[in-house]
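Written below as structure tokens is the structure these notes are about.
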């Protein structure tokens with residue numbers, strides 16, 4: 001077994017044209033099913049990522065078909081992929097799970113396990129849809145980032161405590177920095193809004209307290225610049 005790794009053996013199992021077409025067709029169908037499930041469970045989906053979900057199983061299946069049991073090809077392919085750099089922004093954890101999902105479907109097609117590929121794809125898609133329908137893992141409270149500018153004569157430690165308590169908001173002061181040559185303070189709060197919190201009334205109360213200076217409510221806290 002170990003000796004075969006170092007033996008120069010270029011024999012590769014014959015790949016029939018019919019098998020290649022069948023693998024390609026099954027991978028395309030499974031990619032479409034995964035893509036449809038992704039669009040149903042991720043409303044704010046990216047068109048480019050959706051396209052990736054469609055073709056990724058086919059790409060993986062083709063790679064597995066071409067490699068076969070040839071160890072030399074496997075090492076060559078690993079070297080080729082090592083020079084590829086992916087320069088995309090970090091995505092949602094759910095997006096990563098769909099990438100692994102698509103790769104697993106393509107891998108199953110590539111090794112010829114079409115029945116298992118279809119079975120596991122259907123089961124996982126149904127699971128994704130069920131979790132979406134029951135809103136599994138979704139919190140009733142919405143996380144936001146609130147950036148508020150206040151004058152230097154307003155104590156930042158307790159500036160908005162009364163307002164947050166009035167609206168029953170959980171909050172944490174994350175950052176304080178001076179701006180405008182030290183004449184103003186910029187406060188950054190991590191807050192959690194309840195389902196019945198009126199955001200406009202909250203912002204009106206905050207801007208009344210800070211004298212109509214700048215206020216920013218970030219809908220996606222992960223996108224907040226440091």
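The values are calculated or read from the model by the stated rules, or taken from the named source; none is laboratory data. Being a predicted model, the structure only gives us computed values, none of them experimental. Here the Cβ is made from the backbone with ideal geometry for all residues, glycine too, and neighbour counts use every protein chain on show.
Within the range 124-138, is even one residue at pLDDT 90 or above, more than 30 Å from residue 195 (Cβ to Cβ) and under 26 Å from the mean Cα position of the chain (by Cα)? So far as the range 124-138 goes, yes, one or more of its residues are at pLDDT 90 or above, more than 30 Å from residue 195 (Cβ to Cβ) and under 26 Å from the mean Cα position of the chain (by Cα).
Here residue 163 passes the criteria (1) in contact (Cβ under 8 Å) with a residue 24 or more places away in the chain; (2) assigned to a helix (DSSP H, G or I); (3) in the same structural domain as residue 26 (by TED's automatic domain parsing) except the one numbered (3).
Selection of the range 126-153 for residues being buried (at least 16 other Cβ atoms within 10 Å of the Cβ) and part of a loop (DSSP other than H, G, I, E, B) yields an empty set. Quick one: would you say residue 225 is modelled with pLDDT under 85, on the phi < 0 side of the Ramachandran plot and within 34 Å of the chain's Cα centre (by Cα)? Against the criterion (modelled with pLDDT under 85, on the phi < 0 side of the Ramachandran plot and within 34 Å of the chain's Cα centre (by Cα)), residue 225 qualifies. Answer yes or no as to whether residue 158 is part of a loop (DSSP other than H, G, I, E, B), in the same structural domain as residue 205 (by TED's automatic domain parsing), at pLDDT below 90 and more than 30 Å from residue 34 (Cα to Cα). Yes; evaluated as a whole, the condition is true for this residue. Scanning the range 30-40 for residues that are touching a residue at least 40 places away in the same chain (Cβ under 8 Å) and surrounded by 17 or more Cβ atoms within 10 Å (Cβ to Cβ) yields 30, 31, 33, 34, 37, 38. In the range 166-181, the qualifying residues are those that are out of contact with any strand residue (DSSP E or B) (no Cβ under 8 Å at 6 or more places or on another chain) and more than 13 Å from residue 197 (Cβ to Cβ), and the one that is surrounded by the fewest Cβ atoms within 10 Å (Cβ to Cβ) is 181. When we screen 193, 202 for residues that are without any contact (Cβ under 8 Å) to a residue 60 or more places away in the chain, surrounded by 15 or more Cβ atoms within 10 Å (Cβ to Cβ), farther than 18 Å from residue 214 by Cα and in the same structural domain as residue 216 (by TED's automatic domain parsing), the only hit is 193.
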